[in-house]
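The values are calculated or read from the model by the stated rules, or taken from the named source; none is laboratory data. Note that the structure is a prediction, hence the values are computed from the model and not measured. Cβ atoms come from the backbone with ideal geometry, glycine included; neighbour counts cover every protein chain shown.
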Amino acid sequence: MRILVTGGAGYIGSVVSKLLLERGHEVVILDNLSTGHAAAVPPGAKLVRVDLRERAAVKALLRALEPEAVMHFAANIQVGESVRRPLKYLGDNVRNTLHVLEAMLGAGVRRFVFSSTAAIFAPSQQPLREDAPIGPESPYGESKYLVERILCWLGELAGLRYASLRYFNAAGAWQGLGEDHHPETHLIPRVLRVALGQAPKVQIYGQNYPTPDGTCVRDYVHVYDLAEAHLLALTALDGGSRAYNVGSGRGFSVREVIEVARRVTGHPLPVEICPPRPGDAPWLVADPGRIRRELGWSPCYSELEQIVSSAWEWHRAHPHGYSEEKDQGE
Ligand code: UDP
């Protein structure tokens, strides 16, 4: 298929693009490179620099390209920032997705794979099945849920075929593609930064959550396994629309992640207890039963040790991320 990947120069989008190319698909990446990296665009993919806020440009691209499917990764993704800047999330994330959907339907494109999130769920009994109570704790989660609702309507009324993949915590690196956000807010890269000597201590955001050791519990899924879920979901689209929780099914606390990172890096990783980060849910663990049963998804690299080791390898090779200038100075 010819597939348009928005945000394909970003972390998960670049891995999915590379996997699509490996499986013989044609990939066009739409990215404004505001947070993505040209160096993460896999060889063989075409990069088109368009900003999703530019409705007419998005429309023109879809018309000209006539892709058979769109995978939509491009979005603002920081939970903490979304609490400080709600409109950036409730506005841009939703509006930009509408621009893509409008352009798709205008060009007769009906297959859509959407990057949703575990952050749409209300705190409730874990692990979370797809029908667990919805109740985003942050504008980020809400923006993704609003898009899920829009997809439901367009599925019913406009013939859209979609898959909403609710990511739990994507982590790890694959074939030279890793995580490089500015600022970096995610736990594993921030821990590894301490091991690289780039920060003095690992900051733990809160230790009085209702969890076994008081720190937040998350379900870490290797970015390659997550990418496989996208390819399976794409293939299954013609059979109908679906939402899937994509996680390993196991939860690890912040302290447990740090402990694994100590083993992997051999660094003592001193910690500092900081206030909780607004918008963080105490506990997010997937029940991935549906995607396993219906799509045959089976994660291969999502042992926490494998995830952290692959990330560590990537961060050691790219101590300043994709930034070539700084890398050359090393
Ligand atoms: N976290 C932390 N210190 C950090 C970064 C993250 O304690 O330097 C915690 C954060 O509060 C959350 C968990 O680690 O409970 C995972 O955070 P991350 O930002 O990686 O992913 P999220 O679950 O927010 O999508």
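Count, please, the residues in the stretch 42-70 that happen to be β-branched (Val, Ile, Thr) and closer than 14 Å to Ile3 by Cβ. I'd like the intermediate steps shown before the answer.
Initial filter on the stretch 42-70 (β-branched (Val, Ile, Thr)): 48, 50, 58, 70.
Then drop every residue that is not closer than 14 Å to Ile3 by Cβ, which leaves 48, 70.
Total meeting the criteria: 2.
When residues of the stretch 269-290 are filtered for being crowded, with 21+ Cβ neighbours inside 10 Å and in contact with a helix residue (DSSP H, G or I) (Cβ under 6 Å, 6 or more places away or on another chain), how many remain?
Residues in the stretch 269-290 being crowded, with 21+ Cβ neighbours inside 10 Å and in contact with a helix residue (DSSP H, G or I) (Cβ under 6 Å, 6 or more places away or on another chain): 1 in total.
Would it be correct to say that Leu101 is more than 16 Å from the chain's Cα centre (by Cα), in a helix (DSSP H, G or I), more than 16 Å from the ligand (Cβ to nearest atom) and under 13 Å from His72 (Cα atoms)?
On the way: more than 16 Å from the chain's Cα centre (by Cα): yes; in a helix (DSSP H, G or I): yes; more than 16 Å from the ligand (Cβ to nearest atom): yes; under 13 Å from His72 (Cα atoms): yes.
Yes.
Check whether at least one residue in the stretch 207-215 is closer than 24 Å to Asn76 by Cα, touching a strand residue (DSSP E or B) at 6+ places or on another chain (Cβ under 8 Å) and at pLDDT 95 or above, and report yes or no. Even if it seems obvious, please write down each step before you answer.
Of the residues in the stretch 207-215, the ones closer than 24 Å to Asn76 by Cα are none.
Among the residues of the stretch 207-215, not one is closer than 24 Å to Asn76 by Cα, touching a strand residue (DSSP E or B) at 6+ places or on another chain (Cβ under 8 Å) and at pLDDT 95 or above, which makes the answer no.
Name every residue in the stretch 81-98 that is within 15 Å of the ligand (Cβ to nearest atom) and surrounded by fewer than 16 Cβ atoms within 10 Å (Cβ to Cβ), in order of residue number.
Arg84
Restricting the search to the stretch 212-230, which residues are in contact (Cβ under 8 Å) with a residue 60 or more places away in the chain and either among the small types (Gly, Ala, Ser) or surrounded by fewer than 18 Cβ atoms within 10 Å (Cβ to Cβ) (or both)? Show your work before the answer.
So the first thing to find is which residues in the stretch 212-230 are in contact (Cβ under 8 Å) with a residue 60 or more places away in the chain, and the list is 216-230.
Within the stretch 212-230, Ala227, Ala229 qualify.
What is the one condition in (1) part of a helix (DSSP H, G or I); (2) touching a residue at least 60 places away in the same chain (Cβ under 8 Å) that Val94 does not satisfy?
Answer for Val94: the failing condition is (2).
Modelled with pLDDT of 95 or more and within 16 Å of the ligand (Cβ to nearest atom) - does that describe any residue in the stretch 287-303?
The answer is no; no qualifying residue exists.
Counting only residues that are surrounded by fewer than 16 Cβ atoms within 10 Å (Cβ to Cβ), modelled with pLDDT of 95 or more and in a loop (DSSP other than H, G, I, E, B), how many does the stretch 123-147 have?
Applying the first criterion (surrounded by fewer than 16 Cβ atoms within 10 Å (Cβ to Cβ)) to the stretch 123-147 yields 123-125, 129, 131, 133-135.
Next cut, modelled with pLDDT of 95 or more only: 129, 131, 133-135.
Subset that is in a loop (DSSP other than H, G, I, E, B): 129, 131, 133, 135.
Of the residues in that region, 4 qualify.
Only one of (1) touching a strand residue (DSSP E or B) at 6+ places or on another chain (Cβ under 6 Å); (2) hydroxyl-bearing (Ser, Thr, Tyr); (3) within 27 Å of Ala243 (Cα to Cα) fails for Thr185. Which number is that?
The number of the failed condition is (1).
Results for (1) under 19 Å from the mean Cα position of the chain (by Cα); (2) in a helix (DSSP H, G or I); (3) at pLDDT 95 or above; (4) on the phi < 0 side of the Ramachandran plot, shown as yes or no for each residue.
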position	(1), (2), (3), (4)
Cys152	no, yes, yes, yes
Ala163	yes, no, yes, yes
Arg190	yes, yes, yes, yes
Gly197	no, no, yes, no
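Could you please find all residues in the stretch 208-222 being among the aliphatic types (A, V, I, L, M) and either assigned to a loop (DSSP other than H, G, I, E, B) or within 9 Å of the ligand (Cβ to nearest atom) (or both)?
Initial filter on the stretch 208-222 (among the aliphatic types (A, V, I, L, M)): 217, 221.
The one that is among the aliphatic types (A, V, I, L, M) and either assigned to a loop (DSSP other than H, G, I, E, B) or within 9 Å of the ligand (Cβ to nearest atom) (or both): Val217.
Answer yes or no as to whether Val264 is of a type in the set (Val, Ile, Thr) and more than 20 Å from Lys18 (Cα to Cα).
yes
Looking at Leu157, Leu192, which one is surrounded by 19 or more Cβ atoms within 10 Å (Cβ to Cβ) and among the aliphatic types (A, V, I, L, M)? Quick ask: steps written out before the conclusion?
On the way: Leu157 fails: surrounded by 19 or more Cβ atoms within 10 Å (Cβ to Cβ).
Result of the check over Leu157, Leu192: Leu192.
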